[in-house]
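J.: Encoded as structure tokens, here's the structure I'll be asking about.
The values are calculated or read from the model by the stated rules, or taken from the named source; none is laboratory data. Note that the coordinates shown come from a computational prediction; the quantities given were computed from them, not determined experimentally. Please note: Cβ atoms are built from the backbone with ideal geometry, for glycine as well, and neighbour counts cover all protein chains shown.
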Amino acid sequence: MFMGTTKKSKIYNVTFIIVLIVLIIPQTRLPIQVFMNKAIALIIKPSVIDVSERKTLIDYNWKLKDTSNNTYDFSSAKGKVVVINFWATWCPPCIAEMPSLEALFQSYKGNKDVVFLFVSNEEKEKLYEFMINHNFSFQVYQSVSAYPKNFNVSSIPRTFIIDRNGTIVIDKSGAANWNSNHITTVIDELLIAF
């Protein structure tokens, strides 16, 4: 019995050392972190904020530009359902949830009453390269002016879903599965409820 425990300990220790080495090597660290965050995102469902705790935007004064230097005025999103995702190309949880955000975008890209804003503070060349390498079709933006205080983004990824009246219905930090029946039901109900 003592010999079996020792063998199990050795296997555990060797496995632990291998995992540590793999996580230390830069070429393997990011893919492993992305994989782990994808697994977590499959479990995590963004929750709708209780009506009594929701906050409404009072400031739509926010200017953005896309990777082609086209300007976007956030005030044009008034009266629409808005999905805003703050992210970065180096962020494993951001990368993990991007395929589900792309799928959600594809579901609503033809609907003029739904706006998607994917916002990063990275250089446009880096953003453009990331989008091409991952075959994402949504537009990415950089802030030209300060974002409204309601967003208060201190960590990424951070995603907001805002109703047509400017009320924040979902405020989620961390990776999540955005292409779920739960989220499409929320957006569909927000489109009807105006």
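J.: Might you let me know whether segment 155-177 holds any residue that is in contact with a Phe, Trp or Tyr (Cβ under 7 Å, 6 or more places away or on another chain), over 15 Å from P46 (Cβ atoms) and aromatic (F, W, Y)?
T.: Among the residues of segment 155-177, not one is in contact with a Phe, Trp or Tyr (Cβ under 7 Å, 6 or more places away or on another chain), over 15 Å from P46 (Cβ atoms) and aromatic (F, W, Y), which makes the answer no.
J.: Let me ask you something else. Answer yes or no: is there a residue in segment 157-172 that is in a loop (DSSP other than H, G, I, E, B) and of a type in the set (F, W, Y).
T.: Within segment 157-172, none of the residues are in a loop (DSSP other than H, G, I, E, B) and of a type in the set (F, W, Y).
J.: Could you tell me which of the residues A88, A176, A103, A146 is surrounded by 21 or more Cβ atoms within 10 Å (Cβ to Cβ) and either touching a residue at least 24 places away in the same chain (Cβ under 8 Å) or outside any strand (DSSP E or B) (or both)?
T.: Step by step, each of A88, A176, A103, A146 is checked, and only A176 is surrounded by 21 or more Cβ atoms within 10 Å (Cβ to Cβ) and either touching a residue at least 24 places away in the same chain (Cβ under 8 Å) or outside any strand (DSSP E or B) (or both).
J.: Spot the failing condition for F160; the list is (1) of a type outside the set (S, T, N, Q); (2) in contact (Cβ under 8 Å) with a residue 40 or more places away in the chain; (3) surrounded by fewer than 19 Cβ atoms within 10 Å (Cβ to Cβ), and only one is missed.
T.: Condition not satisfied by F160: (3).
J.: Separate question: Could you check segment 129-143 and list, in sequence order, the residues that are surrounded by 15 or more Cβ atoms within 10 Å (Cβ to Cβ) and part of a helix (DSSP H, G or I)?
T.: F130, M131
J.: Identify the residue in segment 58-69 that is under 22 Å from the mean Cα position of the chain (by Cα) and more than 17 Å from R164 (Cβ to Cβ) and, among all such residues, is surrounded by the fewest Cβ atoms within 10 Å (Cβ to Cβ).
T.: Within segment 58-69, the match that is surrounded by the fewest Cβ atoms within 10 Å (Cβ to Cβ) is S68.
J.: Oh, and also: P46: at pLDDT 75 or above, in a helix (DSSP H, G or I) and of a type outside the set (V, I, T), yes or no?
T.: Criteria not met by P46.
J.: Could you say which residue among E125, E102 is farther than 18 Å from Y72 by Cα and at pLDDT below 95?
T.: That would be E125, the only listed residue that is farther than 18 Å from Y72 by Cα and at pLDDT below 95.
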